[in-house]
Amino acid sequence: MKKNAIAFDGLDLLASAVLVMDGAGRVIYANPAAENLFENSSKALVDHTLSELFLNSGELQLMYEEALAHQFADKRQDLALERAGREPLQVHVVVTTLDDPEMPVLIELRENLQQLKLDREERLLDQSQANKELIRNLAHEIKNPLGGIRGAAQLLELEIPERHLKELREYTQVIIKEADRLQTLVDRLLAPHRRPHIVGDVNIHEVCERVRSLIVSEFPNGLKIQRDYDLSIPEFRGDKEQLIQAVLNIAHNAAQVLLPQMANDAAEITLRTRIARQVTLAKVRYRLALDLHIIDNGPGIPPDIRDRIFYPLVSGRDGGSGLGLTLAQTFVQQHLGVIECESRPGYTDFRILIPLP
């Protein structure tokens, strides 16, 4: 057992999850990376079989049995391993035959980050399409009654006797102003679907500079906007105004949450452009893609809405409409691209990926 303990000490240092199996098909060791992957302690994993760990263990069980029979030295396969009540594990599995009767098989599981990314993008596209249909239908359902409510309030105001006009007009004006506010909201919801897609040559740095000038004019004090551009990025075909609006929505949100830092001259937004190579977007592989980052040093996105920030009417700040990021994602998707987000306290990075010619 001393020999095994030394071997296990070495496995403790690996970044990939490792399960060591005995001849009866039970786990005799799980390294710390496996504890993180399975979200369970080593003690809870030991003595379990593969069928107890996974709902669909058939392929992995077969690989284990072939390794036990010394049919190969090692075998690799991408698997989606399902667990009760949890997300499936998208992993690249390596099963290795060991020359030790006490621990004859080693199973290594590496998270398949590319597959996770593809699945996340697919969910995002499906969600975006569902949002579009919901918004379009909801906006039209709201629009007609709003016109009737506003018109009725105006007629009611005309019928109010002169002696009561001053005291009652206040109420009719509330109805009219709130109807107008909702009408503006509906118009913003429908804007991406109404406006034609005007395609021309786009220089992404002209887009960034336009956004920078707009943000600086609105927030002249306490905010530093850093530019980190790759000037070799070529022009591409796109709708310049839509892209300006998409980047502006993200940068404006960043500026809003940085208001406390602006008071101490500590607020910072970085506009960074790069070229990404061999990028897969919506299951299509592109040789080159624009890789635009809008980074801020604000408090970060609240964890409870982090997975829902591109949903309509979800906002992380008081007074926000919850439409800015939804519209930004819609505009970028119309360019066959996607917006990703990484956020933690002190660092939020919105990454825009758009295919390049």
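The values are calculated or read from the model by the stated rules, or taken from the named source; none is laboratory data. Bear in mind the structure is a predicted one, so any value in this text is a computation, not a measurement. Here the Cβ positions follow ideal geometry from the backbone for every residue, glycine too, while neighbour counts run over all protein chains shown.
For the stretch 21-37, how many residues meet the condition of being more than 21 Å from residue 110 (Cβ to Cβ), in contact with a helix residue (DSSP H, G or I) (Cβ under 7 Å, 6 or more places away or on another chain) and either β-branched (Val, Ile, Thr) or exposed (fewer than 14 other Cβ atoms within 10 Å of the Cβ) (or both)?
1
Just to be sure I understand, how many residues within the stretch 330-357 are out of contact with any His (no Cβ under 6 Å at 6 or more places or on another chain) and more than 15 Å from residue 242 (Cα to Cα)?
Qualifying residue count for the region: 13.
Of all the strands (runs of 3 or more DSSP E) wholly in the stretch 227-328, which have at least 2 residues that are modelled with pLDDT under 90 and buried (at least 18 other Cβ atoms within 10 Å of the Cβ)?
Per the criteria, 267-281.
Can you name every residue in the stretch 23-59 that is aromatic (Phe, Trp, Tyr) and at pLDDT below 90?
Here is the first cut: in the stretch 23-59, the residues aromatic (Phe, Trp, Tyr) are 29, 38, 54.
Across the stretch 23-59, the qualifying residue is only 38.
Right, residue 84: out of contact with any Gly (no Cβ under 7 Å at 6 or more places or on another chain), loosely packed, with under 13 Cβ neighbours inside 10 Å, of a type outside the set (Asp, Glu) and at pLDDT below 90 or not?
So residue 84 passes the test.
Could you grab me the full set of residues in the stretch 333-357 that are in contact with a strand residue (DSSP E or B) (Cβ under 6 Å, 6 or more places away or on another chain) and small (Gly, Ala, Ser)?
Listed by number, the list holds a single entry, 337.
Listed residues 157, 111, 209, 122; which is closer than 30 Å to residue 50 by Cβ and modelled with pLDDT of 75 or more? Reasoning before the result, please.
Numbers: 157 fails: closer than 30 Å to residue 50 by Cβ; 209 fails: closer than 30 Å to residue 50 by Cβ; 122 fails: modelled with pLDDT of 75 or more.
Of the residues listed, the single one that is closer than 30 Å to residue 50 by Cβ and modelled with pLDDT of 75 or more is 111.
In this structure, does residue 34 turn out to be without any contact (Cβ under 8 Å) to a residue 60 or more places away in the chain, part of a helix (DSSP H, G or I) and not β-branched (Val, Ile, Thr)?
No, not satisfied.
One line per residue, one yes/no per condition, for (1) in contact with a Phe, Trp or Tyr (Cβ under 7 Å, 6 or more places away or on another chain); (2) free of Cβ contacts under 8 Å to residues at least 24 places away in the same chain:
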| residue | (1), (2) |
| --- | --- |
| 255 | yes, no |
| 264 | no, no |
| 282 | no, no |
| 285 | no, yes |
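Report whether or not residue 215 is touching a His at 6+ places or on another chain (Cβ under 7 Å) and assigned by TED's automatic domain parsing to the domain that holds residue 302.
yes
Of a type in the set (A, V, I, L, M) and either modelled with pLDDT of 90 or more or surrounded by fewer than 13 Cβ atoms within 10 Å (Cβ to Cβ) (or both): which single residue out of 89, 79, 106 fits that description?
Working: 89 fails: either modelled with pLDDT of 90 or more or surrounded by fewer than 13 Cβ atoms within 10 Å (Cβ to Cβ) (or both); 79 fails: either modelled with pLDDT of 90 or more or surrounded by fewer than 13 Cβ atoms within 10 Å (Cβ to Cβ) (or both).
Matching residue, one of 89, 79, 106: 106.
Can you confirm whether the stretch 38-57 contains a residue that is part of a loop (DSSP other than H, G, I, E, B), more than 35 Å from the chain's Cα centre (by Cα), loosely packed, with under 12 Cβ neighbours inside 10 Å and not polar (S, T, N, Q)?
no
One residue is enough: does the stretch 205-220 have a residue meeting the conditions under 27 Å from the mean Cα position of the chain (by Cα), surrounded by fewer than 19 Cβ atoms within 10 Å (Cβ to Cβ), under 29 Å from residue 298 (Cα atoms) and touching a residue at least 60 places away in the same chain (Cβ under 8 Å)?
Checked the stretch 205-220: at least one residue is under 27 Å from the mean Cα position of the chain (by Cα), surrounded by fewer than 19 Cβ atoms within 10 Å (Cβ to Cβ), under 29 Å from residue 298 (Cα atoms) and touching a residue at least 60 places away in the same chain (Cβ under 8 Å).
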